[in-house]
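Have a look at the structure below, then the notes.
The values are calculated or read from the model by the stated rules, or taken from the named source; none is laboratory data. Keep in mind that this is a model prediction, so the values were computed, not measured. All Cβ positions, glycine included, derive from the backbone under ideal geometry; neighbour counts span all protein chains shown. Ligands, DNA and RNA are stripped out before the accessible areas are found, and what is left, the full protein with its side chains, is counted by its heavy atoms. Shrake-Rupley method; radii C 1.70, N 1.55, O 1.52, S 1.80 Å.
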Amino acid sequence: SNFLEPLLGTAVSRFRWIFSHLTIAAIGVVVLAVVFGLSYGITFCLMTDAEWSSVWDLVLAAITYLPAAAMYIGLVVLTFGILPALTAPIAWSVFIITIVIGQLGEILKFPQWLMNASPFSHVASYPFEDIKMAPLIIMLTIATGLTVVGLMTFRRRNVPS
């Protein structure tokens, strides 16, 4: 944040600056999902002698988590627009809480309302379950809303020197 004001004093607009960061985050998440799906699918086929066409099912399974990840990105953009000094602690806290809910929620018998707090819990376990489009569309809509509000608040807030 100490370097942001001099940078924004140049020809770089606020929107262009934050959009470049947002683009890198989004591309990174998509690439990681595809690479994870491919590596998991290839490993699965090598270990089980399954048909190679099942690799694409596992890539699709990984991609179905992108709307949940987009919600996380949207939350980070919103936090940066409203509370820039607290962006890192809030982002890491939400990330850790989401991981704990996802990995330990059933083992520790968390209540259902807490399990539902994680957007990742609303993604179907494809290929074992059919993909449900409604939760994915809702998550993408929420992610878009969070991102737009975050961009608008960042445009209006004062950037300290």
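Structure values in brief
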quantity: Any hit, region 16-27, residues being of a type outside the set (Lys, Arg), in contact (Cβ under 8 Å) with a residue 12 or more places away in the chain, outside any helix (DSSP H, G or I) and open to solvent by 30 Å² or more (accessible area, probe 1.4 Å); calculated: no
quantity: Only one of Leu46, Leu78 that is closer than 30 Å to Glu129 by Cβ, at pLDDT 90 or above and either touching a helix residue (DSSP H, G or I) at 6+ places or on another chain (Cβ under 9 Å) or open to solvent by 80 Å² or more (accessible area, probe 1.4 Å) (or both); calculated: Leu46
quantity: Matching option when the condition is closer than 23 Å to Leu32 by Cα and either free of Cβ contacts under 8 Å to residues at least 40 places away in the same chain or surrounded by 14 or more Cβ atoms within 10 Å (Cβ to Cβ) (or both), among Leu136, Leu151, Leu114, Leu108; calculated: Leu136
quantity: Condition check for Val123: β-branched (Val, Ile, Thr), open to solvent by less than 90 Å² (accessible area, probe 1.4 Å), in contact (Cβ under 8 Å) with a residue 40 or more places away in the chain and more than 23 Å from Ala61 (Cα to Cα); calculated: no
quantity: Residue check, Ala124 modelled with pLDDT under 95, part of a loop (DSSP other than H, G, I, E, B) and closer than 14 Å to Ala69 by Cα; calculated: no
quantity: Where Ala33 falls short, out of the listed (1) in a helix (DSSP H, G or I); (2) in contact with a helix residue (DSSP H, G or I) (Cβ under 7 Å, 6 or more places away or on another chain); (3) without any contact (Cβ under 8 Å) to a residue 24 or more places away in the chain; calculated: (3)
quantity: Flag if Val76 is assigned to a helix (DSSP H, G or I) and over 30 Å from Arg157 (Cα atoms); calculated: no
quantity: Filter pass, Ala62 being assigned to a helix (DSSP H, G or I) and either over 18 Å from Val149 (Cα atoms) or among the acidic types (Asp, Glu) (or both); calculated: yes
quantity: Filtered residues of region 76-89 (kept if of a type outside the set (Gly, Ala, Ser) and in contact (Cβ under 8 Å) with a residue 12 or more places away in the chain); calculated: Val76, Val77, Leu78, Thr79, Phe80, Ile82, Pro84
quantity: Subset of region 55-75 [free of Cβ contacts under 8 Å to residues at least 40 places away in the same chain and surrounded by 13 or more Cβ atoms within 10 Å (Cβ to Cβ)]; calculated: Val55, Val59, Ala62, Ile63, Leu66
